[in-house]
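Enquirer: Starting off with a structure, shown below.
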Amino acid sequence: MLSLILVLACALGLVLGVPAIRRALITGRIFRVYRKVLPSMSETERDALEAGTVWWEGELFRGNPDWAKLHAYPAPKLTPEEQSFLDQECNEACRLVDDWKVSHEDYDMSAEAWQYIKDKGFLGMIIPKRYGGLEFSAFAHSQVVTRLSTRSSALAVSVMVPNSLGPAELLLHYGTEEQKNHYLPRLAKGLEIPAFALTSPWAGSDAASIPDVGIVCKGMWQGKEVVGMRVTWDKRYITLGPICTILGLAFHLYDPDGLLGDKKHIGITCALVPWDTPGVETRRRLFPLNAMFMNGPTRGKDVFMPLDFIIGGQAMAGHGWRMLMECLAAGRSISLPSSNTGMSQVTARTVGAYARVRSQFKMAIGRFEGVEEALGRIGGNTWLNDAVRRMTAGAIDLGEKPSVVSAIAKYHVTERARQIVNDGMDVIGGKGICLGPSNFLGRAYQQIPIGITVEGANILTRSLILFGQGAIRCHPFVLREMHAAKNPNVAQGFVDFDQALFAHVKFVIGNGARAFVGGLTGASVFAAPSNVAPETRRYYQQMTRFSAAFAFLADVSMLTLGGALKRREKLSARLGDILAMLYLASAALKRYEDEGRQAADAPFMHWAVQDSLFKAQQAFDGVIANFPGAAMRKLLRRVLFPFGAACTAPADRLGRDIAKAMIEPSATRDRLTALVHLPQNEHEPVGTLEAALSATIDAEPIDAKIRTAMKGGALRDNPDANVRDLAEAAFAAGLVTAAEHAVLRRRDALRDVVVHVDDFPMDFGQAQQAESALTPLQRAAA
Ligand SMILES: Cc1cc2nc3c(=O)[nH]c(=O)nc-3n(C[C@H](O)[C@H](O)[C@H](O)COP(=O)(O)OP(=O)(O)OC[C@H]3O[C@@H](n4cnc5c(N)ncnc54)[C@H](O)[C@@H]3O)c2cc1C
């Protein structure tokens, strides 16, 4: 028997170990089949898949993350200039914007606020100083957007969009010198307002299929006949479109008469079109969930424009899609992760305070376990969102263009922000529902779906991008195999394929074995890094185990389902969830180390990591339970989870610790909500809440004293001893001193402002509606 095994092992070793034999017996067949089944990819698909770089997610995909690498990434920091901008200019911009006035009275930010953000360079944060821009780091840019988002979506989005994927970003990378010298200084100072128009009514998520076209032709431009383009488009949802002065426009360019060369369909092309070019229509408006940032449609029919309008000039005609894909990661890493972290922070701060100020059943609502549970989620998710935002912005500052990570950050921060805002709304009850100047959360609740939809709608991002692109980009061998199979030099392709394939086989076996041993030993077989906080070491072991299990499961899924995996979106989405949860947990661990292991923040870190790992485990479960073939399901379960579940959801105790930290002033609460704009007066909802929170805490011992007296019979049958008038009754009865009475009165005054909602005259809004129903001529006549 032993000799038989030895003979078989030698034969296998010979077949696999000697390339010539292996290629003849194994690789040849696989290579032929693989070349046949490999789906052909359009240029746009290839550009989308191959754009950007692979960063930390690559480590997670390989099954054995190098934790030293994670902690070697520098912690993002602001320069003194950036810090001062955040403290001064950002706060002043916030002060100038009153979200209620913007959304219910003026339908736009005030002229003063617009002028301020233009003059101070908010619209040119990504533009280098040599063009007059602020040249901020990605982290600083993210800090600014986060802070502005805690005040007003109109303000945040108006600043965010010019600094995201659009004219400035595209010009910086692809513009001709002439275009850069002309536009960048003007964009930096807000003399030009940019918008970028890609989406059409017929092509949203599938943006490469836009029906908008440009035809190369001759035409008159500034008195001379030139070769140019006749462009027709119909776009919608274009942010800043109604007020833009330069419109970035994407369309398919055709050259039917061969004026530029042999190619008839040149491809997607991006041009910069001044808004006043004859035939350009931009000045209409949409109301995205009544967020008052400018957004609208744009149209043009046979608009003639010179080839110089193409970003990068004629040389870049047809390269628009690649340009967009290559630049997508930077903006996507910053805009939505930052704005939604801002919403998360302001929710955590205000709802935490409200939960202490608002009492029911003689107790602050934040102390009821049910509310505590929601507060725990708000706090844990907010801390995690910020961790993800920081780490992802940090990647951009390291020169990465992390396409998969940016999609993870966009998807998961916006989804967690949605959970945070929903939880917040539940906690504050009717206060959040009735809109008015003193409602601090209802507008965020209204607008949260915007972040879910833009920059890659979330369902699509989760179902197609996270794993679909991740598997090809992050996997150490899949892209190599694909390139080898497509190599026009078939002989060389065959050799490359053989090398990649057998390295891949070893990789799969290695990950499967490690995942299995990890499962058998509860991950204790994996070494945790020695230089991390002792209380986190166990997490590194579990994450190494999950990373190996994920790498193995990813390969088994690709092998079993092949091209069909693209259609099996529910499986692909869950695989993407595992990768994403490992990224989120990494961000949480990194934040904890970067911030010096703040002991008081430990519950937030534990909650964030445990929640991410638990959700990763649920995603594993989902993939295995729905994997095709009962035998495969059984095998996968045995290999990956031999003893069943590996981790549990965050314990109630952690949620309680978090909730406690959220309902009282502390350094932890300040760190959690560090970017919230705090108005320095008590006439703004956030300022009032801050004051009411400290007044409530001052009053609590006095309340306790009154309650004790009441238990002894004081104030019995006194009609004034009710929830509203108790302070007065207690003072009148001599239960509290004058000084104590003053403390109670201040608390009561602030509490009453906080718990009230705004009411309006019956005809509220009708006057404005009647006016806007008039045409400008009718209005002038009236
Ligand atoms: C407020 C706002 C601002 C915007 N700003 C701009 C801008 O400045 N410039 C610009 O060009 N565009 C802009 N957009 C467009 C935005 O990027 C698109 O709305 C977005 O890409 C989705 O397109 P859609 O709304 O047409 O949805 P659809 O593409 O119709 O998608 C509908 C649903 O189907 C899902 N879906 C689609 N395909 C798949 C798939 N293969 N698998 C799984 N699910 C799928 C999507 O996830 C979504 O849930 C903006 C949109 C809004 C609402």
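Enquirer: Does region 135-146 contain at least one residue that is among the polar types (S, T, N, Q), part of a loop (DSSP other than H, G, I, E, B) and either modelled with pLDDT under 95 or within 16 Å of the ligand (Cβ to nearest atom) (or both)? Before you say what the answer is, go through the steps one by one.
Expert: Taking region 135-146 first, the residues among the polar types (S, T, N, Q) are 137, 142-143, 146.
Checking the rest, the ones that are also part of a loop (DSSP other than H, G, I, E, B) come to 137.
In the following step, the residues that additionally are either modelled with pLDDT under 95 or within 16 Å of the ligand (Cβ to nearest atom) (or both) were identified as none.
For region 135-146, residues among the polar types (S, T, N, Q), part of a loop (DSSP other than H, G, I, E, B) and either modelled with pLDDT under 95 or within 16 Å of the ligand (Cβ to nearest atom) (or both): absent.
Enquirer: Which one of the conditions (1) within 13 Å of the ligand (Cβ to nearest atom); (2) in a loop (DSSP other than H, G, I, E, B); (3) open to solvent by less than 10 Å² (accessible area, probe 1.4 Å) does LEU165 fail to meet, given that it meets all the rest?
Expert: It is condition (3) that LEU165 fails.
Enquirer: Restricting to region 453-466, what's the tally of residues that are surrounded by fewer than 22 Cβ atoms within 10 Å (Cβ to Cβ) and more than 8 Å from the ligand (Cβ to nearest atom)?
Expert: Residues in region 453-466 being surrounded by fewer than 22 Cβ atoms within 10 Å (Cβ to Cβ) and more than 8 Å from the ligand (Cβ to nearest atom): 0 in total.
Enquirer: Which condition from (1) closer than 30 Å to ALA24 by Cα; (2) buried (at least 21 other Cβ atoms within 10 Å of the Cβ) is the one that VAL413 breaks?
Expert: The number of the failed condition is (1).
Enquirer: Just one of the numbered conditions (1) within 16 Å of the ligand (Cβ to nearest atom); (2) at positive phi; (3) touching a helix residue (DSSP H, G or I) at 6+ places or on another chain (Cβ under 7 Å) is not true of GLY312; which one?
Expert: All conditions pass for GLY312, except number (1).
Enquirer: For residues that are touching a helix residue (DSSP H, G or I) at 6+ places or on another chain (Cβ under 8 Å) and over 18 Å from ARG356 (Cα atoms), tally how many sit in region 734-745.
Expert: First, the residues of region 734-745 that are touching a helix residue (DSSP H, G or I) at 6+ places or on another chain (Cβ under 8 Å): 735-736, 738, 740-741, 743-745.
Still in the list and also over 18 Å from ARG356 (Cα atoms): 735-736, 738, 740-741.
So the count comes out to 5.
Enquirer: What pairs can you find where one residue is in region 157-177 and of a type in the set (A, V, I, L, M, F, W, C), the other is modelled with pLDDT under 95 and open to solvent by 10 Å² or more (accessible area, probe 1.4 Å), and their Cβ atoms are less than 6 Å apart, with a gap of 6+ or different chains?
Expert: As it stands, the answer is LEU165/LEU328, since those pairs meet every condition given.
Enquirer: Name the residue, out of ALA580, ALA600, that is of a type in the set (Gly, Ala, Ser), in contact (Cβ under 8 Å) with a residue 60 or more places away in the chain, crowded, with 24+ Cβ neighbours inside 10 Å and in contact with a helix residue (DSSP H, G or I) (Cβ under 8 Å, 6 or more places away or on another chain). Let's see the steps before the verdict.
Expert: Details: ALA600 fails: crowded, with 24+ Cβ neighbours inside 10 Å.
None of the other options fit; the residue is ALA580.
Enquirer: A further question follows. Please note which helices (runs of 4 or more DSSP H) are completely contained in region 666-742 and include at least 2 residues that are farther than 20 Å from GLY379 by Cα and either free of Cβ contacts under 8 Å to residues at least 12 places away in the same chain or polar (S, T, N, Q) (or both). Spell out the reasoning first.
Expert: Numbers: elements: 667-672, 685-711, 726-732.
Filter on region 666-742 gives 685-711.
Enquirer: VAL405 passes all but one of (1) free of Cβ contacts under 8 Å to residues at least 40 places away in the same chain; (2) over 30 Å from VAL757 (Cβ atoms); which number fails?
Expert: The failed condition is (1).
Enquirer: Being open to solvent by 10 Å² or more (accessible area, probe 1.4 Å) and either within 14 Å of the ligand (Cβ to nearest atom) or not small (Gly, Ala, Ser) (or both) is the filter here, so list the residues in region 261-276 that pass it.
Expert: The answer is ASP262, LYS263, LYS264, HIS265, ILE266, PRO274, TRP275, ASP276.
Enquirer: Mind checking which pairs have a first residue in region 285-308 that is without any contact (Cβ under 8 Å) to a residue 12 or more places away in the chain and under 25 Å from VAL157 (Cα atoms) and a second that is open to solvent by 20 Å² or more (accessible area, probe 1.4 Å) and part of a loop (DSSP other than H, G, I, E, B), Cβ under 9 Å, 6 or more apart or different chains?
Expert: Between residues of region 285-308 that are without any contact (Cβ under 8 Å) to a residue 12 or more places away in the chain and under 25 Å from VAL157 (Cα atoms) and residues that are open to solvent by 20 Å² or more (accessible area, probe 1.4 Å) and part of a loop (DSSP other than H, G, I, E, B), the close pairs are PHE287/TYR107.
Enquirer: Suppose we filter region 174-218 for residues that are assigned to a strand (DSSP E or B), open to solvent by less than 40 Å² (accessible area, probe 1.4 Å) and closer than 15 Å to GLN314 by Cβ; how many remain?
Expert: Number of matching residues: 3.
Enquirer: Please go through region 103-117 and give me each residue that is within 25 Å of the chain's Cα centre (by Cα) and part of a helix (DSSP H, G or I), ordered by number.
Expert: Passing the criteria: SER103, ILE117.
Enquirer: Go through (1) at pLDDT below 85; (2) open to solvent by 90 Å² or more (accessible area, probe 1.4 Å); (3) farther than 21 Å from LEU561 by Cβ one by one and return the number of the condition SER3 breaks.
Expert: Looking at each condition in turn, SER3 falls short on (2).
Enquirer: Can you confirm whether ALA704 is of a type outside the set (Lys, Arg) and surrounded by 16 or more Cβ atoms within 10 Å (Cβ to Cβ)? Break it down stepwise before answering.
Expert: Numbers: of a type outside the set (Lys, Arg): yes; surrounded by 16 or more Cβ atoms within 10 Å (Cβ to Cβ): no.
Considered against the rule, which asks whether it is of a type outside the set (Lys, Arg) and surrounded by 16 or more Cβ atoms within 10 Å (Cβ to Cβ), ALA704 comes out as no.
Enquirer: Which residue out of ALA513, ALA471 is buried (at least 17 other Cβ atoms within 10 Å of the Cβ), in a helix (DSSP H, G or I), at negative phi and aliphatic (A, V, I, L, M)? I'd like the intermediate steps shown before the answer.
Expert: Details: ALA513 fails: buried (at least 17 other Cβ atoms within 10 Å of the Cβ).
Criteria check complete, one pass: ALA471.
The values are calculated or read from the model by the stated rules, or taken from the named source; none is laboratory data. Please read these numbers as outputs of a predicted model, since none were measured by experiment. All Cβ positions, even for glycine, are placed from backbone atoms using ideal geometry, and neighbour counts span all protein chains on display. Heavy atoms of the whole protein, side chains included, go into the accessibility calculation; ligands, DNA and RNA do not. Shrake-Rupley method; radii C 1.70, N 1.55, O 1.52, S 1.80 Å.
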